[in-house]
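Below: one structure, written as structure tokens.
What follows draws every value from the coordinates through simple rules; no lab data is involved. If you're wondering where the values come from, they're calculated on a predicted model, not measured in any experiment. All Cβ positions, glycine included, derive from the backbone under ideal geometry; neighbour counts span all protein chains shown.
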Amino acid sequence: MSDTKTQGVRIIVRPQYVPDQSAPERNHYLFAYQITIRNEGTRTVQLVSRHWIITDGEGKTEEVRGPGVVGTQPVLKPGEEFQYTSGCPLTTPVGTMHGSFQMVPVDGEPFDAAIEPFRLAVPRVLN
């Protein structure tokens, strides 16, 4: 799990392994992660883009950038939250993700809301 707060925007990530959509014999491991973006600040903000850094168990890194999340660019007033679930395939049973969401306040400069690293791991593969 990851829980990070930047300029009043809290991002909570809850990852989990998806065994019924994985095929370990073919080095295919699917992980889902639920994201909660909560505006705990005093300004309305809009999520305009995402940046993920995904690292597998062998140290191979992939970067993903794009507009919004799951086809939307949510606007969050103070006290509001937005949740979504997405997935990440890996070729190893362990990996990590971290990154940021670019947020634009209605009355200020854009900023990157950090997403601290979180582990993607098949249960019981690590001690």
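Once you've got the GNM for the chain with C-alpha springs shorter than 10 Å, pick whichever of 28, 98, 51 has the biggest mean-square fluctuation.
Greatest mean-square fluctuation among the candidates belongs to 28.
Mind ranking 67-76, 30-39 by how tightly packed they are, going by the mean number of other C-beta atoms within 10 angstrom, highest first?
Answer by packing, highest mean first, reads 30-39, 67-76.
Taking 0.36 nm per residue of sequence separation and subtracting the Cα-Cα distance, how much length would be gained by fully extending the chain between residue 72 and residue 17, in nm to one decimal?
Going from the current span to full extension adds 17.3 nm.
Under 12 Å from a label point 7 Å along Cα→Cβ of residue 80: give me every residue in the stretch 103-120 with its amide N that close.
Correct set: 106.
Relative to the Cα centre, what is the charge dipole magnitude of the stretch 1-98, using +1 at the beta carbon of each Lys and Arg, -1 at the beta carbon of each Asp and Glu, and rounding to the nearest 20 debye?
Using Cβ point charges on Lys, Arg, Asp and Glu, the stretch 1-98 gives about 400 debye.
When 3, 56, 20 are ordered from fewest to most other Cβ atoms inside 10 Å of their Cβ, what list results?
Taking fewest neighbouring Cβ atoms as first place, the list is 20, 3, 56.
Mind listing which trypsin sites (Lys or Arg not before Pro) in the stretch 44-102 are in a DSSP loop and have 16 or fewer other Cβ atoms within 10 Å?
Listed in order of number, the matching sites are 60.
Convert each backbone phi in the stretch 19-26 into a coupling constant with the Karplus relation 6.51 cos²θ - 1.76 cosθ + 1.60 (shift: θ = phi - 60°), then list the ³J(HN,Hα) values in order as whole Hz, x for Gly and Pro.
x, 6, 10, 10, 9, x, 5, 10
Expressed as a rounded percentage, what relative contact order does the chain have, with Cα pairs under 8 Å and six or more residues apart? Intermediate values should be presented prior to the final figure.
On the way: 320 pairs, mean separation 39.1, N = 127.
Over the chain, the number comes to 31 percent.
What ranking of 40, 109 emerges when the number of other C-beta atoms within 10 Å of each C-beta is taken as an exposure proxy, fewest first?
If I rank by nearby Cβ atoms, fewest first, I get 109, 40.
Can you give me the long-range amide H partners of residue 57? Hydrogens built in the peptide plane at 1.01 Å from N, cutoff under 5 Å, separation of 5 or more residues or another chain.
Those qualifying (amide H under 5 Å, at least 5 residues apart or on another chain) are 92, 94.
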